[in-house]
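*Asks:* A single structure is presented below for examination.
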Amino acid sequence: MTRINVAIIDTNQEFISRLTRYLDSSKDILVVSTVTKKSQALKLPEIYDIDIMLIDINLGEKGCEGISVANEIVTSYFQKPKLIMLTNYNDEELVRKSFIAGAVYYILKSNYKMLPVIIRQIHNNDFPIESVIRDYADLMKDKILKSKFLLSDSEIAIYKLAEKGGKKSKIIEDLYISESTYKKHVNSILKKIKSAKNIRQAVEKFKEYFVAYKS
């Protein structure tokens with residue numbers, strides 16, 4: 001039997017231990033790694049073949065770093081695990097941010113016994129709300145890029161491909177634009193997303209803004 005590989009990112013070691021024991025008791029689920037820090041979490045997809053990541057929303061001393069972790073993983077890895085956010089509180093604002101960051105589900109820690117069923121559904125693509133959440137996240141990113149940074153549709157298209165790791169030559173090819181047009185749009189993006197010297201820095205600046213964003 002092929003198991004669903006799961007990683008847990010949480011600052012509470014007692015909760016990690018309890019959740020690990022519970023998930024490992026399922027024959028088709030295996031916890032392959034547990035970490036407590038953001039820096040460790042970001043490296044996990046490079047080290048392990050992970051299907052599902054369970055991430056504490058309130059990771060880190062400053063809180064809410066779990067949302068930053070989710071956004072980093074979604075935008076940094078081509079073969080990305082699916083993300084479920086864990087929380088102690090039903091905070092609508094944090095849940096909304098989690099979905100925009102790329103999570104496909106969130107669950108209260110007190111309801112952790114529901115996780116095996118949810119993990120199976122998400123892993124087997126038998127989770128209808130996932131596509132709705134993904135579309136919602138894309139729409140919200142478009143809204144922020146347009147309303148806050150005043151990016152045009154063409155600039156957003158370049159930004160999104162850069163966010164996914166696209167190189168200049170690939171972006172030019174995918175969008176059927178000339179190199180001069182690409183440079184013109186990138187220069188405009190850098191003027192609008194201030195303090196960025198190149199498109200990669202613009203992506204990082206947007207991530208920083210996004211984590212703190214409130215509609």
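*Asks:* I'm checking my understanding of the structure. Among residues of segment 21-56 that are β-branched (Val, Ile, Thr) and in a loop (DSSP other than H, G, I, E, B), which one is most open to solvent (accessible area, probe 1.4 Å)?
*Replies:* So the residue we want is 36.
*Asks:* Could you please tell me which pairs satisfy a Cβ distance under 7 Å, a separation of 6+ or placement on different chains, a first residue in segment 6-24 that is touching a residue at least 40 places away in the same chain (Cβ under 8 Å), and a second residue that is of a type in the set (Asp, Glu)?
*Replies:* So the pair list comes out as 6/51; 9/56; 10/56; 11/56.
*Asks:* A further question on this structure: Take the conditions assigned to a strand (DSSP E or B) and either surrounded by fewer than 19 Cβ atoms within 10 Å (Cβ to Cβ) or under 12 Å from the mean Cα position of the chain (by Cα) (or both) and apply them to residue 74. Does it pass?
*Replies:* Spelling it out, it is not the case that residue 74 is assigned to a strand (DSSP E or B) and either surrounded by fewer than 19 Cβ atoms within 10 Å (Cβ to Cβ) or under 12 Å from the mean Cα position of the chain (by Cα) (or both).
*Asks:* Could you name every one of the helices (runs of 4 or more DSSP H) located completely within segment 144-215 that has at least 2 residues being open to solvent by 20 Å² or more (accessible area, probe 1.4 Å) and within 30 Å of residue 65 (Cβ to Cβ)?
*Replies:* In segment 144-215, the matching helices (runs of 4 or more DSSP H) lie at 153-163, 179-192, 199-212.
*Asks:* Let me ask you something else. Please specify each residue of segment 101-141 satisfying the condition of being modelled with pLDDT of 80 or more, under 15 Å from residue 71 (Cα atoms) and in a helix (DSSP H, G or I).
*Replies:* The answer is 101, and nothing else.
The values are calculated or read from the model by the stated rules, or taken from the named source; none is laboratory data. Keep in mind it's a predicted model, so treat the numbers as computed, not measured. With ideal geometry, Cβ positions are generated from the backbone for all residues, glycine too; neighbour counts draw on all protein chains shown. The area values use the complete protein model at the heavy-atom level, side chains included, leaving out ligands, DNA and RNA. Shrake-Rupley method; radii C 1.70, N 1.55, O 1.52, S 1.80 Å.
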